[in-house]
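First the structure, in the form of structure tokens, and then the observations on it.
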Amino acid sequence: MTAFGREEDRSVTTGPIAAAKRVRRRGLFDTEPMVRVLLIEDDPAVAEGLAIGLRRQGHATDVRHTGEDGLAGVAAFDPDLIVLDLMLPGIDGFEVCRRIRRAGNLPVIMLTARNEDMDVVLGLEAGADDYVVKPVQARVLEARIRAVLRRTESAAPAGRREVHGELTLDRTALTVLKAGRPIALAPSELRLLLALSASPGQVFSRGQLLESVWEHPYLGDSRLVDACVKRLRIKIEEPDRPARYIQTVRGFGYRFGPL
Amino acid sequence: MTGPLARLRGLRVRLASACLLVAAFAALATAALTYREARTAMLQRAQDSVVRSVRDRVEAVAPSVPFPPDQAALERIVALVDTRGNTDHWIVAAGYRDLWATTDRVLTPDAIPTALRTTADEVTAFQRVEREGVIWLAVGVPVTFAKPLNGVLSGVQVYVLTPMRAQMQEEAALVRAARKGAIPAVLLALVLALVVAGGVLRPVRALQRATRRLAQGRLDTRLQVKGGDELADLARDFNHTAAALEQHEARLRTMEARARGFAADVSHELRTPLAAMAAVINVLDEDAAAEHLDPDTAAALRLVSAETGKLTRLVDDLMEISRFDAGAAALHVDELDVAEAVRRCLAARSWSGAVTTHLPEGIRAEVDPRRFDVVVANLVGNALRHGAPPVEVGLGTERRADGVWIVLRVADRGPGLAADTLHRVFERFYKADSARARSVGSGLGMAITLENVRLHDGHIRAANRSDGGAVFTVELPRYARIEVTEDA
Ligand SMILES: Nc1ncnc2c1ncn2[C@@H]1O[C@H](COP(=O)(O)OP(=O)(O)OP(=O)(O)O)[C@@H](O)[C@H]1O
Ligand SMILES: [Mg+2]
């Protein structure tokens, strides 16, 4: 991409975060809450640079250089979010991502190289919530971290419940039940489902969803939406049946229902 | 393409017709000669027999006729000669000076050709005459009287006209026979001529096919060399040329691939250290703004930060170009409202106020949103940076034979582009205003734009407005050639 097509040039929105976690420290963008970031990146210089940037941002950062180490770090460091390079020695980033997803719903932002297009698709399929392309400025990474965390943070207790067919959504507790059983959704999946189900029957374009769910530019990478829809469908739709909740409107985008 | 084809066809036709001409000439000449000989022989025979019998007759009659003959004597001669009782419908006539006797009422002396009459004064002569549509053989015999002239010519002539019906029939049969022989011979010759021409031309045609394949880029094309004639030499030369071309091309390809691979490798290698540096740019920026810092250090920090940013952009652009070169650039199309997309692109860069737009609503197209954004941003960015306001962005559709096309125009009122540099705008690293633009852009923007447009199977043109300023026109097919991104 070129001069004007790059994220760095875009203004970044950083809205208020629902609840402050842990300690506040002064970073580049003032009073944002501290986040525990686990950085898994094999190149020591890149890892160090990103770690400096993240620390400056006020985040507690732990750096791991291999996939195995990274997975150990998930247990030991208890991060709020993982920044994951895909090219790792040993267990690669895709596998690390899959294992993290299997274990829980930690937000994952993957680091990719611009010229490895397939990586983005595979990484998203492995369950990553978002991606940034190296070289990346700390400010851009910070914006992504904020956007991903905004999808998950909620301090409100369980409250109003919405029922859509077999699905029960709780917008404050951020839980999703299917036929009474809780479903584990990654942050981006949850946020997408909440965005679509907020207006059942309304069609959202991929651009709109990129803006509202990922805080990406409207003309961004629509594969984020498509990959996330795919993952979400696997979790909430009946297998081998046409999609019921997340329906494709060809040429326009997606809509929730009508049921 | 039809030119050489027509020429080749012409060659075959020419060869065949030459063969045919020779064959036809030979056949016709043979037929004509044969016919002439046969006819002459036949006529000769017929004439000889007629002449002989007439002369015999006349000789037999002559002694009984007095000299000089009177009309009655002539009548007698005629009657005697005619009393042959033959069935040949002879017409007999005899003349002496002004006297004229004939068995046929209508036959006048004028009917006898003068030449014949003159010759028949002295010797037996014959000539063919046409009378009432029938060919007659006219035989003139001078009569010699024993007494009183002692065999001296008397000036009496006897003419016998005999129709040559039988001969004419025979002649017609001869013509028929000649024709019957000549026409199949000529036809056979035509077939043979075509076969021969085809045979001669087969290697020529093979050469032509091979040349065409070569021209299509199939440099492994070779001809089979048969025999040692000129065409075989030609085929051998062709093979050598093709082999040389193939080698040359292979070398060029490896060189090009190496050059491209090198660019890709360089940008790839640069990316890792840049990734480390880019990550800390913001830290430098922040600290450069701090008041306690030495001004030189602050300036140095800002410089490093700014240039790292530029380098990052350059490497980004180079990697994007390498991806196009490697054929690794993929199109992720989505159907979207084009006017909305343009507005979003401008708004995301805070250009909405600086640009006049004409964006009709309701135009939807299948494009790769990210790449479309790059195209619009580069064109409008150039218009703002290299051109001058007012910058206008126009959108429209065009219905063509191959479907509906989206037409996007970005125009400005700046200096425009020098006529001889119009086509160079899309070259890599090309900057028209090189002195001024050194610190501004890399010169890869339009090259990337062009690749992005091409990936959509679209076209882009640069031109100057008649009233000053540059105008860039992008045309994209309304429907992408591949399927819309569709989820399972
Ligand atoms: N609207 C315009 N008016 C006048 N000149 C132009 C215009 N657009 C492009 N050019 C000329 O064409 C050159 C190539 O443009 P291109 O966008 O490829 O490179 P750039 O703008 O210099 O750098 P980059 O876009 O990579 O930052 C420019 O340097 C400029 O000289
Ligand atoms: Mg440019």
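Values quoted throughout were computed directly from the atomic coordinates according to the rules given, and no laboratory measurement underlies them. A quick note: this is a predicted structure, and the numbers were derived from the prediction, not measured. Neighbour counts run over all protein chains shown; Cβ positions are idealised from the backbone, glycine included.
Brief remarks follow.
- For the protein assembly as shown, share of DSSP beta bridges that run antiparallel, in % to the nearest 5: 75 percent
- Evaluated with a Cβ-only charge set (Lys, Arg +1; Asp, Glu -1), chain B carries a dipole of roughly 2220 debye about its Cα centre, given to the nearest 20.
- Shape box of the range B:182-291 [Cα atoms, principal axes, largest first, Å]: 116, 28, 15
- Per residue of chain B, the DSSP helices (runs of n ≥ 4 H) give a summed -39500 (n - 2.57) that works out to -19000 deg cm²/dmol at 222 nm.
- Nitroxide proxy distance, nm - points 7 Å out along Cα→Cβ at A:Lys235 and B:Leu303: 5.1 nm
- By other beta-carbon atoms within 10 Å, ranking B:Trp405, B:Trp90 with the fewest at the front produces B:Trp405, B:Trp90.
- With one equal scatterer per alpha carbon and no solvent term, the Debye-computed log10 I(q)/I(0) for chain B at 0.05, 0.09, 0.13 1/Å reads -0.54, -0.88, -1.19.
- Cα lying deepest toward the dipole's positive end in the protein assembly as shown, options B:Pro113, B:Phe429, B:Leu99, charges on Cβ: B:Leu99
- Diffusion of the range A:161-256 by Stokes-Einstein, at 25 °C in a medium of 0.890 mPa s and with Rh set to the Kirkwood radius over alpha-carbon pairs, works out to 182 µm²/s.
- Take the convex hull of the alpha carbons in the range B:18-121; its mean projected area over all directions comes to 9.4 nm².
- Centroid-to-centroid separation of the range B:239-293 and the range B:170-221 [C-alpha atoms, Å]: 62 Å
- Lysine pair count for the protein assembly as shown with Cα-Cα distance under 30 Å and sequence separation of 8 or more or different chains is 9.
- Near the amide H of A:Thr61, within less than 5 Å, lie the amide hydrogens of A:Val37, all on another chain or at least 5 residues away, with H placed in the peptide plane.
- Charges were assigned to the Cβ only: +1 to each Lys and Arg, -1 to each Asp and Glu. The resulting dipole of the range B:230-326 about its Cα centre is roughly 280 debye.
- Solution diffusion estimate, µm²/s, Stokes-Einstein, the range B:230-326, Kirkwood Rh from C-alpha pairs, 37 °C, viscosity 0.692 mPa s: 189 µm²/s
- Take every pair of alpha-carbon atoms less than 8 Å apart whose residues are at least six positions apart; their mean separation over the length of chain B yields a relative contact order of 9 percent.
- If you bin all the Cα-Cα distances of the protein assembly as shown at 20 Å, starting from zero, the percentages per bin are 13, 28, 18, 10, 8, 10, 10, 5, 0.
- Angle between chain B longest axis and helix B:295-325 axis [Cα atoms, degrees, rounded to 10]: 30 degrees
- Size of charge dipole - the range B:348-479 - debye, nearest 20, with Cβ of Lys, Arg +1 and Asp, Glu -1, no other charges: 300 debye
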